[in-house]
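The structure appears below as structure tokens.
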Amino acid sequence: RNARLDDLVGHAFVGYEAGTPTRVMIDSHFKGLGVHLDYVMESSNIDSIKQLAVAGMGLAFLPEIAIEVELKQKMLKSIAMDELRIERPVTVYWKERRVLPRPAQMILKFLEKRNQAEVSAGTVKTEA
């Protein structure tokens, strides 16, 4: 079965430092749902949060792309929740007349394909 919001109560969380945009987004979302998250450790670094979760210090909200390897190696487990889906809009800017290197072009194509991103000269914007 999928987890429910009630299942989160009483669990320790490792997360982003208070006041960072991602933390504000997560906290406000859960506040709106009436759920308080108990943070036991905080960091401004995604990799540090990931390593804390791998070490069993608590549950964490991390971008899927950041934990692909850990999921494949079964070091972390993704928990499905019907009641919860947080998406974060992303905007990428670049100089309009600049020819982007191949890796940057690949990132833009990935964003466009995966998120149905809106691409215009010098900007990629994804919608939540």
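The values are calculated or read from the model by the stated rules, or taken from the named source; none is laboratory data. Here the structure is a predicted model, which is why all the values come from computation and not from measurement. Using ideal geometry, Cβ is built from the backbone for each residue, glycine included, and neighbour counts are taken over all protein chains shown. Ligands, DNA and RNA are excluded from the accessible area calculation, which covers all protein heavy atoms including side chains. Shrake-Rupley method; radii C 1.70, N 1.55, O 1.52, S 1.80 Å.
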Q) lysines within cross-link reach of residue 31: Cα-Cα under 25 Å, excluding same-chain residues under 8 positions apart? A) 50, 77
(Q) Given the whole protein assembly as supplied and a 1.4 Å probe, what does the accessible area of residue 40 come to in Å², nearest 10? (A) 80 Å²
(Q) Just to be sure I understand, if you calculate Cα extents along the principal axes in Å for this structure, which of [x] 41, 37, 30; [y] 48, 29, 23; [z] 52, 33, 31 do you get? (A) [z]
Q. Counting only DSSP beta bridges with both residues in the chain, what percent are antiparallel, rounded to the nearest 5?
A. 45 percent
Q: Quick one: angle between helix 21-33 and the longest Cα principal axis of the chain, in degrees between 0 and 90, rounded to 10, please.
A: 50 degrees
Q. Which distance in nm do the two modelled labels at residue 29 and residue 75 give, with both placed 7 Å along the Cα-to-Cβ direction?
A. 2.4 nm
(Q) Restricting to DSSP loop positions (anything but H, G, I, E, B) with no more than 15 other Cβ atoms inside 10 Å of their own Cβ, which GluC sites (Glu not before Pro) remain in the stretch 1-85? (A) 17, 83
